[in-house]
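The values are calculated or read from the model by the stated rules, or taken from the named source; none is laboratory data. The structure displayed is predicted, hence computed values, not measured ones. Don't worry about glycine lacking a Cβ; one is built from the backbone with ideal geometry, like all the others, and counts go over all protein chains shown.
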Amino acid sequence: MALSPLATLVPTIISTDGTKIWAAQAGRSARDDVPVIIFIPGFACSSLFFEKQFSDQTLLDNYRLITYEPRGQGRSDQPLDKGSYASARHAEDFRAVCQAFGARRYEEVANPLIFNVFGPMLSADPNEVAGGLAGFLESCFLEENTKGVSYTTWSAMIGGIAQQKPAARELMMAERVDQDSSILKKAAADKLPIMAVIGEHDIHMFPDRVEQCTVNLGERAEFKLISEAGHAVMWEKPEKVNELIKEFVDRVW
């Protein structure tokens, strides 16, 4: 049985500063002139959250799918100095992944970065650590949507979050406080097409705030609210999310 591209263990891409980045690809060949979609998991999470996209036959048949785990989380290296998490370092990682896979034109699908909800995980008490992990993952799903998640997958998702070192987590959050959002605003002003997709019951991103931020980005920024879904909308409602991805990419490519 072939190993899923999301199941590989070792990071193979070397960024500019030597940090090793885990990445994977699926779908169409690099020789094909088709859109490239890059999936980036949110804070502390792994690319396992994109399993419903990397197993969607329509996406696989029509696009090149690439995902990578940002430095400081998942299977990628976790440097322990604040400078390693500056925006410029993340941009270098993105470029390294694109160059490694021969991607020149692409669309990016990024799970929104969330605020720090990992207070219990900073404790040395293993019971509090375990409780924090399970509680956070549960908070990402609308309860009724967890029924379709296997124990194996649920455990893998928790394990992916647990791989993040507490020191790396703190450094990442400290750097994000200082992030310059003007770059995104400038890109939007230059007519960069943007689509924000969020579950109506997302308790981490607050849909009303995301909608207002999207509106403020200009006429080419769209807001899509998915009913009966929480923060893990790409897993909870993959059919709706994948159709939106396809419609958006086909329109702007």
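How about the range 178-223: which of its residues are surrounded by 13 or more Cβ atoms within 10 Å (Cβ to Cβ) and charged (D, E, K, R)? Correct list: Lys185, Glu200, Asp202, Glu211, Arg220, Glu222.
Taken together, Phe43, Phe39, Phe50 contain a single residue that is aromatic (Phe, Trp, Tyr) and in a loop (DSSP other than H, G, I, E, B), which is Phe43.
In the condition set (1) at pLDDT below 85; (2) in contact with a Pro (Cβ under 9 Å, 6 or more places away or on another chain); (3) not in a helix (DSSP H, G or I), Glu128 is compliant with all but (3).
The residue of the range 57-66 that is nearest to Met234 (Cα to Cα), among those that are buried (at least 22 other Cβ atoms within 10 Å of the Cβ) and either out of contact with any Leu (no Cβ under 7 Å at 6 or more places or on another chain) or among the small types (Gly, Ala, Ser) (or both), is Ile66.
Yes/no matrix, rows are residues, columns are (1) free of Cβ contacts under 8 Å to residues at least 60 places away in the same chain; (2) under 19 Å from His231 (Cβ atoms); (3) hydroxyl-bearing (Ser, Thr, Tyr):
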{"site": "Ser4", "(1), (2), (3)": "yes, no, yes"}
{"site": "Ser15", "(1), (2), (3)": "no, no, yes"}
{"site": "Ser29", "(1), (2), (3)": "yes, no, yes"}
{"site": "Asp33", "(1), (2), (3)": "yes, no, no"}
{"site": "Val36", "(1), (2), (3)": "no, no, no"}
{"site": "Cys45", "(1), (2), (3)": "no, yes, no"}
{"site": "Phe49", "(1), (2), (3)": "no, yes, no"}
{"site": "Ser55", "(1), (2), (3)": "yes, no, yes"}
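Give the range 1-25 a look and list any residue that's surrounded by fewer than 18 Cβ atoms within 10 Å (Cβ to Cβ) and more than 18 Å from Asp77 (Cβ to Cβ), or say none. Result: Met1, Ala2, Leu3, Ser4, Pro5, Ala7.
In this structure, is Ile226 surrounded by 19 or more Cβ atoms within 10 Å (Cβ to Cβ), closer than 13 Å to Pro193 by Cα, within 18 Å of the chain's Cα centre (by Cα) and β-branched (Val, Ile, Thr)? I'd like the intermediate steps shown before the answer.
Values: surrounded by 19 or more Cβ atoms within 10 Å (Cβ to Cβ): yes; closer than 13 Å to Pro193 by Cα: no; within 18 Å of the chain's Cα centre (by Cα): yes; β-branched (Val, Ile, Thr): yes.
No: the conditions fail for Ile226.
Let's see how each residue does on (1) over 30 Å from Glu144 (Cβ atoms); (2) in contact (Cβ under 8 Å) with a residue 60 or more places away in the chain:
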site	(1), (2)
Gln164	no, yes
Ala167	yes, yes
Ser182	yes, no
Phe206	no, no
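Checked against the criterion of being at positive phi and buried (at least 19 other Cβ atoms within 10 Å of the Cβ), the range 70-82 contains one or more residues that satisfy it. One residue stands out in the range 139-150 among those that are surrounded by 13 or more Cβ atoms within 10 Å (Cβ to Cβ) and in a helix (DSSP H, G or I): the one that is modelled with the lowest pLDDT, namely Ser139.
When you scan the range 68-88, how many residues do you find that are of a type in the set (Gly, Ala, Ser) and either under 16 Å from Gly159 (Cβ atoms) or touching a Phe, Trp or Tyr at 6+ places or on another chain (Cβ under 9 Å) (or both)?
If we filter the range 68-88 for residues that are of a type in the set (Gly, Ala, Ser), which is where we start, we get 72, 74, 76, 83-84, 86-88.
Filter once more, keeping what is either under 16 Å from Gly159 (Cβ atoms) or touching a Phe, Trp or Tyr at 6+ places or on another chain (Cβ under 9 Å) (or both): 72, 74, 76.
Number satisfying all stated conditions: 3.
Each residue in the range 53-102 was checked for being of a type in the set (Phe, Trp, Tyr) and not in a helix (DSSP H, G or I), and 3 pass.
Could you tell me whether the range 188-200 includes any residue that is more than 23 Å from Met234 (Cα to Cα) and either modelled with pLDDT of 85 or more or small (Gly, Ala, Ser) (or both)? Show your work before the answer.
We begin by selecting, within the range 188-200, every residue more than 23 Å from Met234 (Cα to Cα); these are 188-191.
Of the ones still in play, those that are also either modelled with pLDDT of 85 or more or small (Gly, Ala, Ser) (or both) are 188-189.
Within the range 188-200 (the criterion being more than 23 Å from Met234 (Cα to Cα) and either modelled with pLDDT of 85 or more or small (Gly, Ala, Ser) (or both)), the answer is yes, since at least one residue qualifies.
Of the residues making up the range 14-36, those that are within 18 Å of Arg64 (Cα to Cα) and assigned to a strand (DSSP E or B) are Ala23, Ala24, Gln25, Ala26, Gly27, Val36. Counting the residues of the range 92-116 that are modelled with pLDDT of 90 or more and either within 17 Å of Leu184 (Cβ to Cβ) or buried (at least 18 other Cβ atoms within 10 Å of the Cβ) (or both) gives 6.
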